[in-house]
Every structure is written in structure tokens, then in C-alpha cells.
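One structure is given below, encoded as C-alpha cells.
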Amino acid sequence: MSVSTSRKIRSLMSEQNLKTRKRFGQNYLIDDKILKKIVSTSQIDSKTLVIEIGPGLGSLTQYLVESAAHVLAYEIDESLVEVLQDMFAQNDNFTLISDDVLKRDMDADVQAHYGEAEKIIVVANLPYYITTPFIMKSLEESRKVDRYVLMLQLEVAKRLTASKNTKDYNALSVIMQYLTTPSFQFTVPNTVFIPRPKVDSAVITLDVKKSKYTLPETPELLKFVKACFKQRRKTLINNLHEAYGIDKETLKKFLHEQGFTHQIRAEAIAADELIKLGNDFLENDQCST
């Protein structure tokens, strides 16, 4: 563990009388080796615009500003804004937005504060409550972000990067593989945070598929994927029957035409196959509702 970063964080908290706020899911990473590993994993260079979500007390930010062309950070905790502004006052490649990122249009903020960027990477230590809302909102809305480097609770990281026939594979796994190329990078033990969380974390990357901008409208397809996993121990036919009210014989015929047995479950179908199945289902007159 880096003594300098640990001391810096503890000193700041003491001097500024700062308390971590549970409602914001604040846990400050203080291990320099892991901080540097996150930056390395991010593939940041001098042409990269980094969007950092929740800089906290700047333990990761200090490395991001050294490597990136610019860092655009969002901080929801108003008590940290002045601290961060003072900390990075000498860095002309740092911009802080004091607001909830879920209320922002990231693409518009990038355009307003930076303009066009050759490469945009989101780096974030996401608390549990914001994980899925942030990922889905940004993937659905942003046309600028190339890569996400996210530190999440370990169990969530496993779900986002899971493959078929594993216990972690679910609707979110499929959606991530539909829109991105997800990859599990490394585990982060709970011992390297202040305060120490109850569970370990992990870093994952999501490389955005440029084809997502030319994919068909997703709401109905996402509804289909979620329906497939509604009750994971049930067969696909049973889940689709309950979600769409289509008789089971029609669904059985449809699945056989697609090359699947009537006993198959969603967890046994790879993401790309399930997406194709969903598109075919939505285009099938007999399955339309």
C-alpha cells in the first residue's frame, strides 16, 4: 500500500473534517499500485479525454491528469468540490462538474467543456446503487465514449462479464455483450479502501461496439432479453409465454425453426445467439403481440 496516498487521504479527511457518506457509496481507494494499474488498463494517452465519475478525494484523479489530455470529472458530494478544486488548481487539464452524473448529458458536457476528442474513456469507481442506471443510461445516450473502465462490486463485475452456462450469466450479461465487448480485468480486495467495504471489488472494461449506433431500436429487444431470464430455472418457452401471452405450441415451433429445443433455458444460449433470436422473435408474425 502506498504510504503517501494513504496519508494524503487521511490527512485531507482530518484537516477538512470530512466524513464519508454512505448514501453516496464513498470508499476511497488508497493503494498506488492498484491506482496505477487502473490507469494502465484504461489505455489512456496524451490524446485521451477522460470522464471520471466520483473523483472523491482525488486519489485516482492525480494519476489521470498526468496521463490524459484532459479530465472531466463529476462529483455529486458538494463538500468535496472545493477540496478538489484546490487540489487540482494548477492542472489546466482538469474540469470539475458539481452535479449528479445521472442528471447530465455527458456528450453535451464534453462538447461544452472540451470540444471534439480523439478518444474518450470513462473511468469510475461506481457504488452499487448507481452501477446499472449509469451504465445503461450512458450506453443508451452517449455516442462519444469509446471505453468504460469501471471498478464495481465483485459480484456485479462477474455478472457484467459472464458467459453462458455460468451462474452469473443473466440479462445484463447479454445486454453488455450486445452493446460492448466486456472484459474482467482484476480483483481489488476490500482492504485497500477507506472506509473498508464489506465485499471485494473488481475492475472491468467495456469497449463500445461502434455498430451499436447502427443497431435496430433496442427497447423491445431489451424487453425480450429480460423476459428470457425472468425466472432463470424456467425454460425459454415458459418465460416467453408468461411475458407475451403466446401459446406454447407456437413458441415451440418458433424455437425449433431457430434450431433450439423446446427445453432450452436462456442461460444456455450465447449472447449473440440470444440477440438474433430476439430479433427473429420480434419480426415473426406468429409471435407478434
Do we find a residue being touching a residue at least 40 places away in the same chain (Cβ under 8 Å) and closer than 30 Å to ILE34 by Cα anywhere in region 213-224? no
Within region 15-22, is there a residue that is on the phi > 0 side of the Ramachandran plot, surrounded by fewer than 17 Cβ atoms within 10 Å (Cβ to Cβ) and modelled with pLDDT under 65? yes
Subset of region 148-170 (residues that are among the small types (Gly, Ala, Ser) and either within 20 Å of LEU35 (Cα to Cα) or surrounded by 21 or more Cβ atoms within 10 Å (Cβ to Cβ) (or both)): ALA157, ALA162
Hits in region 258-274 (condition: under 33 Å from the mean Cα position of the chain (by Cα) and either of a type in the set (Asp, Glu) or part of a loop (DSSP other than H, G, I, E, B) (or both)): GLN258, GLY259, PHE260, GLN263, ILE264, ARG265, GLU267, ILE269, ALA270, ASP272, GLU273
Exactly one of THR132, THR181 is in a strand (DSSP E or B) and surrounded by fewer than 18 Cβ atoms within 10 Å (Cβ to Cβ), and that residue is THR181
Where the second residue is loosely packed, with under 15 Cβ neighbours inside 10 Å and the first is outside the structural domain of ILE135 (by TED's automatic domain parsing) and lies in region 83-110, which pairs have Cβ atoms under 7 Å and are six or more apart or on separate chains? none
If you go through region 228-245 one residue at a time, do you hit one that is assigned by TED's automatic domain parsing to the domain that holds ALA162, surrounded by 19 or more Cβ atoms within 10 Å (Cβ to Cβ) and not β-branched (Val, Ile, Thr)? no
Give me the residue from region 23-40 that is modelled with pLDDT of 80 or more and surrounded by fewer than 18 Cβ atoms within 10 Å (Cβ to Cβ) and, out of that set, farthest from HIS113 (Cα to Cα). LYS33
Is there a residue being part of a strand (DSSP E or B) and not assigned by TED's automatic domain parsing to the domain that holds GLU283 anywhere in region 153-175? yes
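Condition check ((1) on the phi > 0 side of the Ramachandran plot; (2) touching a Ser or Thr at 6+ places or on another chain (Cβ under 6 Å); (3) part of a loop (DSSP other than H, G, I, E, B)) across all residues:
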site: LYS198; (1), (2), (3): no, no, yes
site: LEU206; (1), (2), (3): no, yes, no
site: LEU222; (1), (2), (3): no, no, no
site: VAL225; (1), (2), (3): no, no, no
site: ASN239; (1), (2), (3): no, no, no
site: ALA243; (1), (2), (3): no, no, no
site: GLU249; (1), (2), (3): no, no, no
site: HIS256; (1), (2), (3): no, no, no
site: LYS276; (1), (2), (3): no, no, no
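The values are calculated or read from the model by the stated rules, or taken from the named source; none is laboratory data. Computed from a predicted structure; not experimentally measured. Reconstructed Cβ throughout: ideal geometry from the backbone, glycine too, with neighbour counts over all protein chains shown.
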